[in-house]
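Report on the following structure.
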Amino acid sequence: MNIDLFEKYESNVRGYIRSFPTIFDRAENATIWDVDGKAYIDFFGGAGSLNYGHNHPVVNEALIAYIKRNGITNALDKATVAKHDFLLALQEIILRPRGLGYKVQFVGPTGTNGVETALKLARKKMQRTTVVSFTNAYHGHTLGALAVTGNEMYHDSYYGVPLNVSKMPFDNYFDHDMDSVDMLRQYFEDGSSGFDTPAAVIVESIQGEGGVNVASAEWLRKLSQLCGEKEIMLILDEIQVGNGRTGDFFSFERAGITPDIVTLSKSIGTGLPMSIVLMRDDVDVWSPGEHTGTFRGNSHAFVAGTAMLEHYWRTDTFSSEIRAKGKKVEARFRAIRERHPDYFSDVRGLGMIWGIESSVTDFCSLVSREAFERGLLMETAGSEGQVLKFLAPLVIREDEMDKGLDLLDAAADAAVAKAPTELGQEEGAE
Ligand SMILES: Cc1ncc(COP(=O)(O)O)c(C=O)c1O
């Protein structure tokens, strides 16, 4: 088995294989083994799609039982037992206890399908065309979702010009005290600002791909209040930081807000493809079959998702565990920053998403490479890859996490030692 095969037969668009150049084979919880039997601790977590880890025994058991009894695999959007049970579990375990009276729309299999749907729905509901999104936002790569995504690397004017989108500064985008919600209010209230009232504002409460930028609860509340006052749909993109990542099931719970529309994907299907849009009843202005597609709901993802909602979310225990583990990660990240203050400038995060930022160009990629060599998978985030991002499965065992954090320590130390030669840094930069 040779990794060169991928170069020969797979498109140049390949991404993560370049950061983690080996052939992976087996995985359990937060450990992955490659074909040579080398173990890697997974701090990457399928970019947020593996919150429940790899091959969770409860998921595997449920899937095997479902397949063995010839449970339906593909039903388009017909009613099935698997979908019935998932809808019921989501209502009973997640939505109702939180007072969230949402209906669920099943959309195409990946996150961007949810974003695309949410934008289309908001525009239809409000009968307006423009949408506001934020600096460093990441919402996916279909045309509508890409239009509200910040990073210019993903844009291509031949594919389509991002029309009808206004970009505003995210919370704390500027070093100085400028509040973009106040700015938006002024735009909306000034008839000659040239700013159309948008159909929707789309926001991540924590920008994962954008570099682990955490919006304050107060900023989110102000944004929600402004949208309510001006009758603008507030879309919370929970694709990366929902599903328990911050400790609460939804990352917006800490702000006590109720968005009009929520997009959820990644771990809702425990790593199997599933993407859903949650909407208030009055927002559900679709006519039957108006927004459709073949793969709207994957029965195996329903079975797996239901199993995890039942297993982890009936009590608060899981949330407490997530918060406790997150505190440990934060402490270790802060210690790394203190040890190498000339290389690391900031530590940010919440719950089990953490980022450590470097002000030295390409330094985080160097740490990621050193980590990979030592048996740790950890990716970079941010427009310049300037942030190392921790996104391990929420169910990671303490021993796996400690081992991964030790490997990260070693990788950071090695990268500091190599930076002068590998990055052309001045000797003794520290
Ligand atoms: C916040 C957010 N929205 C949307 C997406 C797009 O999801 P997908 O890659 O499944 O299309 C992502 C992917 O990372 C994301 O983090």
Response to the item:
Flagged in segment 144-161 as of a type in the set (A, V, I, L, M, F, W, C), in a loop (DSSP other than H, G, I, E, B) and in contact with a helix residue (DSSP H, G or I) (Cβ under 8 Å, 6 or more places away or on another chain), in numbering order, are VAL148
Worksheet item: Going through segment 247-275 one residue at a time, which ones are among the aliphatic types (A, V, I, L, M), within 12 Å of the ligand (Cβ to nearest atom) and closer than 15 Å to HIS139 by Cα?
Response: VAL262, LEU264
Fill in: Single condition ARG337 does not satisfy, out of (1) closer than 11 Å to PHE43 by Cα; (2) free of Cβ contacts under 8 Å to residues at least 40 places away in the same chain
(1)
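Give segment 44-60 a look and list any residue that's touching a residue at least 40 places away in the same chain (Cβ under 8 Å) and either away from the ligand (no atom under 16 Å from the Cβ) or β-branched (Val, Ile, Thr) (or both), or say none. First the steps, then the outcome.
First pass over segment 44-60, keeping only residues touching a residue at least 40 places away in the same chain (Cβ under 8 Å): 44-54, 56, 58-59.
If the condition is that a residue be touching a residue at least 40 places away in the same chain (Cβ under 8 Å) and either away from the ligand (no atom under 16 Å from the Cβ) or β-branched (Val, Ile, Thr) (or both), then TYR52, GLY53, HIS54, HIS56, VAL58, VAL59 are the ones that fit.
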Worksheet item: Does at least one position in segment 391-398 carry a residue that is crowded, with 18+ Cβ neighbours inside 10 Å, touching a residue at least 12 places away in the same chain (Cβ under 8 Å) and out of contact with any helix residue (DSSP H, G or I) (no Cβ under 6 Å at 6 or more places or on another chain)?
Response: yes
Discussion item. Suppose we filter ILE17, ILE32, ILE23 for residues that are of a type outside the set (Gly, Ala, Ser), in the same structural domain as ARG374 (by TED's automatic domain parsing), surrounded by 13 or more Cβ atoms within 10 Å (Cβ to Cβ) and over 30 Å from GLU61 (Cβ atoms); which single one remains?
Written reply: ILE17
Worksheet entry | Some residue of segment 124-138 being within 15 Å of the ligand (Cβ to nearest atom), within 18 Å of VAL262 (Cα to Cα) and of a type outside the set (A, V, I, L, M, F, W, C) | yes
Discussion item. So, in segment 293-317, exactly how many residues are assigned to a helix (DSSP H, G or I), in contact (Cβ under 8 Å) with a residue 60 or more places away in the chain and surrounded by fewer than 20 Cβ atoms within 10 Å (Cβ to Cβ)?
Written reply: 2
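State all residues of segment 1-25 that are part of a loop (DSSP other than H, G, I, E, B) and among the acidic types (Asp, Glu); if no residue qualifies, say none.
Scanning segment 1-25 gives a single hit, GLU10.
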Discussion item. Restricting to segment 224-246, and then to whatever is small (Gly, Ala, Ser) and within 18 Å of GLY305 (Cα to Cα), can you tell me which residue is farthest from the ligand (Cβ to nearest atom)?
Written reply: GLY244
Discussion item. Going residue by residue through segment 7-22, is there one that turns out to be among the basic types (Lys, Arg) and in contact (Cβ under 8 Å) with a residue 12 or more places away in the chain?
Written reply: no
Item to complete: Return the residue satisfying two criteria in turn: it lies in segment 190-238 and is among the acidic types (Asp, Glu) and on the phi < 0 side of the Ramachandran plot, and of such residues it is modelled with the lowest pLDDT.
Response: ASP196
Worksheet item: If only one of LEU88, LEU121 is surrounded by 23 or more Cβ atoms within 10 Å (Cβ to Cβ), aliphatic (A, V, I, L, M) and under 29 Å from ASP284 (Cβ atoms), which one is it?
Response: LEU121
Worksheet item: In this structure, does PHE188 turn out to be assigned to a loop (DSSP other than H, G, I, E, B) and surrounded by fewer than 24 Cβ atoms within 10 Å (Cβ to Cβ)?
Response: no
Worksheet entry | Residue check for GLY144: away from the ligand (no atom under 16 Å from the Cβ), in contact with a Leu (Cβ under 7 Å, 6 or more places away or on another chain) and either of a type in the set (D, E, K, R) or modelled with pLDDT under 95 (or both) | no
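The values are calculated or read from the model by the stated rules, or taken from the named source; none is laboratory data. Since this is a predicted model, take the numbers as computed values, not measurements. Cβ atoms come from the backbone with ideal geometry, glycine included; neighbour counts cover every protein chain shown.
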